[in-house]
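Heads up, the thing below is written out as structure tokens.
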Amino acid sequence: MTTPMPAFPAGFRWGVSTSAYQIEGAADADGRGRSVWDTFAHQPGRIADGSTGDVACDHYHRYAEDVALMADLGVSAYRFSVAWPRVQPAGSGPAEPRGLDFYDRLTDALLARDIDPVATLFHWDLPQPLEDAGGWLARDTAHRFAEYADLVAARLGDRVKLWITLNEPFVHMSFGYGIGSHAPGRQLLFDAVPVAHHQLLGHGLAVAALRARSGSPVAIANNYSPVRLYGDTDADRAAGAAYEALHNRLFTDPLLGLGYPAGLEPGPDVLRDGDLATIAAPLDVLGVNYYNPSGIRAPEEGSPLPFELVELDGYPRTAFDWPVVPDGLRELLVGLRDRYGDALPPIEVTEGGCAYDDTPDADGRVADPERIAYLDGHLRAVRAAIDEGVDVRGYFVWSLLDNWEWAEGFTKRFGLVHVDFPTGTRTPKSSYHWYRDLIDRR
Ligand code: GBH
């Protein structure tokens, strides 16, 4: 942090990210339906602190205050997600205009402060009626998603500056349907793979729906984790390749026209003629979420997985125990360019950030030097990737606010702004001031 942050290309987007269920609260307001996360969070034993997102940051009622915080921060873009159960409470059928009204107000408030609205259509909050009909295991959900995309684009298509169809379909498949630590809490292991195909199909159908209503660019946000091999046997290398295919390629190879990785193709009952072309609809931007690399080695005999995850040693760790490896982001960005070449669209880093304890001092101030170091290191890694010729157009910090961190409830704080739960009082942390200065100097 001693040398000044190098310059970024003109027009580089400085952003912050959030998602609907993690911040909005107002679970019963204005005709909102239930999502799989409402159901899951209300089941005993699912969430670390027994909390739910019923109130969260109450952003639904406090959005104007949050937009003012972003205006003061000086960000050029805000990535939020639209809650499907607000817009279409049953997951199909008519739109709930009051739900759309909220995003309309939010979008206008952002534009009034010169902040680009970047809207994610699906950040894991599937309407419960669709889950009851099979969720993303059912092909029909892909079609329902495209219909919902059309409803949102009909209302916001003239003002949203960048669309993101899905957030981290890998996490939704693996945590939600594979191991069950996220909603809907299914434990299907590799039988969850049709969820990949139906999400990708939903993405492709939604791209067409968005393009019919809006001239704005369209993206998807995938999460990636570069492999660090532990061990150098053939079995270790095979484990690394298996993890790479599942975590880093399953959702990107088909999007960029390469089809499914070998061994992960959906069965003939799932993959239909024309699906791969629908999925490979041209993307304007690839959203990249990066938190950390993964340590991988060969699994024990009899393991249900073709790899074993190992803790990376030798790095500082966040409160989540995730290792802090800024160069992994450079490696990832360069690796995407090397693998996909001309098929790779421009990239925006749609998430990056870290959890720390962030306890206010006696004067109510929150000093978070670790988060500053994290962001500083990761932005330098982006800059280094740009120097190596990767076309990176923006970086969105996860997150603007401390929020409801899924299965961890309120126990993990990712915000540039501290939120006191349950009062909801917002206090910018020292990282907020650091990010503001950084943007201000651009
Ligand atoms: C994102 O997911 C989500 O989009 C967002 O909603 C969420 O709040 C945010 O990140 C923070 O969690 O333990 O070393 O094996 C992140 C996906 C998957 C990234 C698990 C880190 C664990 C790495 N994460 N992964 S490790």
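Laboratory data are not the source of any read-out in this text; all were calculated from the coordinates shown. Everything numeric in this text was worked out from a predicted model, so none of it was measured.
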Next item on the list: Give the relative contact order (percent, whole number) for the chain; include only Cα pairs under 8 Å separated by 6+ residues.
Entry: 18
Next item on the list: Could you run the Debye sum over the Cα atoms of segment 72-223, one equal point scatterer each and no solvent, and tell me log10 of I(q)/I(0) at q = 0.11, 0.12, 0.16 Å⁻¹, two decimals?
Entry: -0.41, -0.48, -0.83
Margin query: When 1/r is averaged over all different Cα pairs and the result inverted, which Kirkwood radius in Å belongs to segment 347-419?
Written below: 13.5
Checklist line | Cα extents of the chain along the three principal axes, largest first (Å) | finding: 57, 53, 45
Margin query: Need one number: the % of Cα-Cα pairs in segment 1-131 sitting beyond the 18 Å mark.
Written below: 58
Margin query: Rounded to two decimals, what is the ratio between the C-alpha radius of gyration of segment 12-65 and 2.2 N^0.38 Å?
Written below: 1.30
Next item on the list: With no solvent and one equal point scatterer placed on each C-alpha of segment 163-295, evaluate the Debye formula and give log10 I(q)/I(0) for q = 0.14 Å⁻¹, two decimals.
Entry: -0.66
Check: Over segment 134-220, what number does the Rg to Rh ratio reach, with both radii from the alpha-carbon atoms and Rh per Kirkwood?
Finding: 1.04
Item checked: GNM top mover of E147, E311, E300 - the chain, alpha-carbon springs below 10 Å -> E300
